[in-house]
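The values are calculated or read from the model by the stated rules, or taken from the named source; none is laboratory data. Quick caveat: nothing in here was measured; it's all calculated off a predicted structure. Cβ: placed from backbone, ideal geometry, glycine included. Neighbour counts: every protein chain shown.
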Amino acid sequence: MTVVRKRTILKADSIPRLPAHVRLVFNEKRDSWVVLAPEKILWPDDISVVILKNCDGTRSIGEIAEALSKDFSAPCPEILGDVLEFLQDWSDRLLIRPAGGNGGPQ
């Protein structure tokens, strides 16, 4: 039996969160952030950490991009595209999920 998983497409109004099986923690020995997931350890770069810290299930991707555009003095449409691309990749790997079921399967 083959199980077909439908891909969730994230949009600017999707509200991202880390699922219960994924944790973002600070590793004191290495003085850096690490993402822990079943059978995976990821060492995200500084920008990825900033994005992931904002994935708390309360703000939309658009709101996150708007805040980051102010923090980094960059155009919001450019930041939004980068954030969407990053989070879509993580969603495809089941490391990010939309809260409340927004962002639909494709």
Would you confirm whether any residue within region 81-100 is assigned to a loop (DSSP other than H, G, I, E, B), surrounded by 14 or more Cβ atoms within 10 Å (Cβ to Cβ) and of a type in the set (Gly, Ala, Ser)?
no
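Here are Asp46, Asp56: which of them is among the acidic types (Asp, Glu), in contact (Cβ under 8 Å) with a residue 12 or more places away in the chain and farther than 11 Å from Asp13 by Cα? Walk me through it before giving the result.
On the way: Asp46 fails: in contact (Cβ under 8 Å) with a residue 12 or more places away in the chain.
Result: Asp56 is the single residue among Asp46, Asp56 that is among the acidic types (Asp, Glu), in contact (Cβ under 8 Å) with a residue 12 or more places away in the chain and farther than 11 Å from Asp13 by Cα.
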Can Thr8 be described as touching a Pro at 6+ places or on another chain (Cβ under 6 Å) and on the phi < 0 side of the Ramachandran plot?
yes
Exactly one of Val4, Val22 is under 15 Å from Asp56 (Cβ atoms) and of a type in the set (A, V, I, L, M, F, W, C), and that residue is Val22
Restricting region 1-57 to residues that are of a type in the set (Gly, Ala, Ser) and in contact with a helix residue (DSSP H, G or I) (Cβ under 9 Å, 6 or more places away or on another chain), which is surrounded by the most Cβ atoms within 10 Å (Cβ to Cβ)?
Ser14
Close pairs from region 6-34: first under 20 Å from Leu68 (Cα atoms) and outside any loop (DSSP other than H, G, I, E, B), partner modelled with pLDDT of 95 or more and of a type in the set (Gly, Ala, Ser), Cβ under 9 Å, at least 6 apart
Pro16/Gly57; Pro16/Ser60; Pro16/Ser91; Arg17/Gly57; Trp33/Ser48
